[in-house]
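Participant: Sharing a structure below in structure tokens format, with a few things to ask.
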Amino acid sequence: MDKGKIFQNEVNNIIKKRFDYHIALLYPSTYRSSLSSLGYQLIYFYLNSFEEIFAERVITESRGDYISIETGTPLSKFDIIFASAHYELEYPEIIRTLLRSRISPLKEERNRPILIIGGPSPTANPFPMGKVADFIFRGEFESTGKKFFDSIQYIDNPKKFKEMLSSIEGFWSLENRTEKISIVKDLDSSFFPIIQIQNPHTEPILGKGLMVETSRGCNRGCFFCMESAISLFRRERSENKIIELIEQGLEVNNLNRVIFFSLSFFDSALGEKILKYVVDRGIEASIPSVRIDSLDDNKIELIKKAGQKTLTVAPETGIYELRKSIGKPIKDEMILQIAEKLKALDMGIKLYYMIGLPGERQSDLDAIIAQVEYFWKTLRNKKKIKVSVNPFIPKPLTKMENEKMEEANELQRKIDYLNAKLSKISEFEYYPPKLARLQYTINSLGENAHVFLIEHALKKIRD
Ligand code: SF4
């Protein structure tokens, strides 16, 4: 990955000649996925909206030195590193990057840079990185950004700086152990990056398009869902605001496609209204995974008209009883009746399932097979049916956090069973049980996880 070349190819990135505070935004994954991360773009443009702050991006994809995309500055030279972690396996990646940048991964051995880690998994459980990060930021950063800016002016007085951070809602440390998660209450008045980084030479994971968030949070309360647990409750942008973002954003970024972000897009009338708006305007759109019981024929037609060829839904299980036991009581008929509509529209489907759920029996696996077979019998095209199977991981803060996770061998046996039947009639993929178990292990280790994580990172470096 040639960072200088990336910078030259990009549109809308930022360079500052004069600034007082230098922040690295560490993204522990690939450059392509960083382009599709709305959260990463949001914090980049938000921090840079303060004249005195210059925030640069550091992506961990390359094997060379960890330097910023904007100016080639090594990670160790920044005042502050903000790292984002979407899930637990990114922790060893963050530590590996620190080690290779000759920065101690233990906060007690480090003065500068100050390390702050945010993102969904540390928000749900900050303990595993508690001895690594100076602070874990729990929640949505725009909610406290102004207070953060007031504190950063004391950065040359580390004691005072840390004291100030510690008093801001959402800034967790092993010392203060605050349980508060900081969220934005009014999306309309909060910061949104209308200008977004584009790179004509790189296809983002979600394709090219303007990322627009219509809502945050979800009130459905499925027992296993960490995303809804950390975002507390559903908040929506107003219709006018969303339209303003779409119109301005498409123009300034020179795009004609919108990628919507929402945990449950059709949970209010807003989703349908906005989708109709973009369809009527001839704008292409991509819709996130939708709740099956919020769908109807009109909405599926709109999704198709927006240019999407595949509908993504998550039945989670093959039968109603098991689905109900995890807090997602969607009737089987509701799932199956989508098939005819998809056939009429010549659309495909992507189905997400979980295995290893408490109380799961062999007949539940057979019910998944029967459900996929039903879609196959209707759509008669393997390429139009995608199946993704994921081991159930009890996640912190959810109602199922104290459930036991199944062993990797048993999960793999179940996946092999499903794979043998379903790969004949669908494009079958699964999340490896060993990696799922690793996520579970990291969370279970609590504040002592750093020993395991550092060892894991060192092993990656040796390999
Ligand atoms: S509907 Fe989706 S986002 Fe909402 S709680 Fe259930 S799984 Fe989570």
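Participant: If we sort 106-114, 87-95 on the protection proxy, mean other Cβ atoms within 10 Å, highest first, what's the order?
Facilitator: Numbers: 106-114: 14.2, 87-95: 22.6.
Highest mean packing first, the order is 87-95, 106-114.
Participant: Sticking with this structure for a sec: Over 28 Å between Cα atoms: which of 107/180; 384/414; 304/386; 273/343; 384/404; 162/208 fall into that group? Write out the running numbers ahead of the final one.
Facilitator: Working: 107/180 22 Å; 384/414 23 Å; 304/386 17 Å; 273/343 25 Å; 384/404 35 Å; 162/208 39 Å.
Result: 384/404; 162/208 exceed 28 Å.
Participant: Continuing with this model, one more query. Calculate one ³J(HN,Hα) per residue across segment 113-128 by plugging θ = phi - 60° into the Karplus curve 6.51 cos²θ - 1.76 cosθ + 1.60, and present them in order as whole Hz with x for glycine and proline.
Facilitator: For segment 113-128, the Karplus curve yields x, 6, 10, 10, 10, x, x, x, 6, x, 5, 6, 9, x, 4, x Hz.
Participant: Turning to a different aspect of this structure: Give me the one-decimal Kirkwood hydrodynamic radius in Å for segment 330-463, with the sum taken over alpha-carbon pairs.
Facilitator: Values: mean 1/r = 0.0595 Å⁻¹.
One over the average 1/r among Cα pairs gives 16.8 Å for segment 330-463.
Participant: Give the long-range amide H neighbours of residue 405: residues separated by 5 or more places, or on another chain, with amide H under 5 Å away, using H modelled in the peptide plane at 1.01 Å from N.
Facilitator: Amide H neighbours of residue 405, under 5 Å, 5+ apart: none.
Participant: Turning to a different aspect of this structure: Show the residues, 5+ positions off or on another chain, whose built amide H is closer than 5 Å to the amide H of residue 291.
Facilitator: Residues meeting the amide H criterion: 265, 266.
Participant: Where does each of 376-387, 208-219 land if you order them by average Cβ count within 10 Å, highest first? Display every interim value, and only then the final one.
Facilitator: Values: 376-387: 17.1, 208-219: 21.3.
Most protected by this proxy first, the peptides run 208-219, 376-387.
Participant: When DSSP beta bridges are limited to those with both residues in the chain, what percentage is antiparallel, rounded to the nearest 5? Walk me through the numbers on the way to the answer.
Facilitator: Working: 6 of 49 bridges.
Here the antiparallel bridges make up roughly 10 percent for the chain.
Participant: Grab the Cα-Cα distance for residue 30 and residue 77, subtract it from 0.36 nm times how many residues apart they are, and report the gain in nm with one decimal.
Facilitator: Working: separation 47, 0.36 × 47 = 16.92 nm, distance 2.20 nm.
Gain on extension, residue 30 to residue 77, equals 14.7 nm.
Participant: Test of understanding: express the Cα radius of gyration of the chain as a ratio to 2.2 N^0.38 Å, with N the residue count. Provide the component values of the computation, followed by the final result.
Facilitator: Numbers: Rg = 22.5 Å, N = 463, 2.2 N^0.38 = 22.7 Å.
Here the Cα radius of gyration is 0.99 times the empirical estimate.
Participant: Determine the equivalent ellipsoid of segment 3-183 by diagonalising the alpha-carbon gyration tensor, then write out the semi-axes as square roots of 5 times the eigenvalues, largest first, rounded to whole Å.
Facilitator: Values: eigenvalues 107, 66, 52 Å².
One finds semi-axes of 23, 18, 16 Å for segment 3-183.
Participant: Quick one: which residues, 5+ away or cross-chain, put their amide H under 5 Å from the amide H of residue 114? H built at 1.01 Å from N.
Facilitator: It is 80, 81, by chain and number.
Participant: Which value in deg cm²/dmol, rounded to the nearest 500, describes the helix-derived mean residue ellipticity at 222 nm for the chain, given -39,500 (n - 2.57) per DSSP H run of n ≥ 4 and division by the residue count?
Facilitator: Numbers: 18 runs with 176 residues, N = 463.
Result for the chain: -11000 deg cm²/dmol, rounded to the nearest 500.
Participant: I would also like to ask the following. If I model segment 51-111 as equal point scatterers sitting on the Cα atoms and use the Debye formula, what is log10 I(q)/I(0) at q = 0.19, 0.27 Å⁻¹?
Facilitator: At q = 0.19, 0.27 Å⁻¹ the computed log10 ratios are -0.74, -1.36.
Participant: On to the next question. Check each of the trypsin sites (Lys or Arg not before Pro) in segment 220-320 and keep only those in coil by DSSP with at most 12 other C-beta atoms within 10 angstrom; list them in order. Kindly include the intermediate steps, with their values, before the conclusion.
Facilitator: Values: sites: 220, 234, 235, 237, 241, 257, 273, 276, 281, 291, 299, 304, 305, 309; in loops: 220, 234, 237, 281, 291, 309.
Within segment 220-320, the qualifying trypsin sites (Lys or Arg not before Pro) (loop, at most 12 other Cβ atoms within 10 Å) are 309.
Participant: What is the calculated FRET efficiency for residue 345 to residue 256, with r their C-beta to C-beta distance and R₀ = 22 Å, to the nearest 0.05?
Facilitator: Working: r = 22 Å, r/R0 = 1.00.
So the FRET efficiency works out to roughly 0.50.
Participant: What are the GluC sites (Glu not before Pro) within segment 35-69 that DSSP puts in a loop, where the Cβ has at most 13 other Cβ atoms within 10 Å? Each step should come with its number before you reach the end.
Facilitator: Details: sites: 51, 52, 56, 61; in loops: 51, 52, 61.
Within segment 35-69, the qualifying GluC sites (Glu not before Pro) (loop, at most 13 other Cβ atoms within 10 Å) are 51, 52.
Participant: Strictly under 4.7 angstrom between C-beta atoms: which cysteines of the chain have no such partner?
Facilitator: 218
Every number in this text was worked out from the coordinates using simple rules, so none of it is lab data. Values in this document were obtained by computation on a predicted structure and should not be read as measured data. Methodologically, a virtual Cβ is constructed for each residue, glycine included, from the backbone with ideal geometry; neighbour enumeration extends over all protein chains shown.
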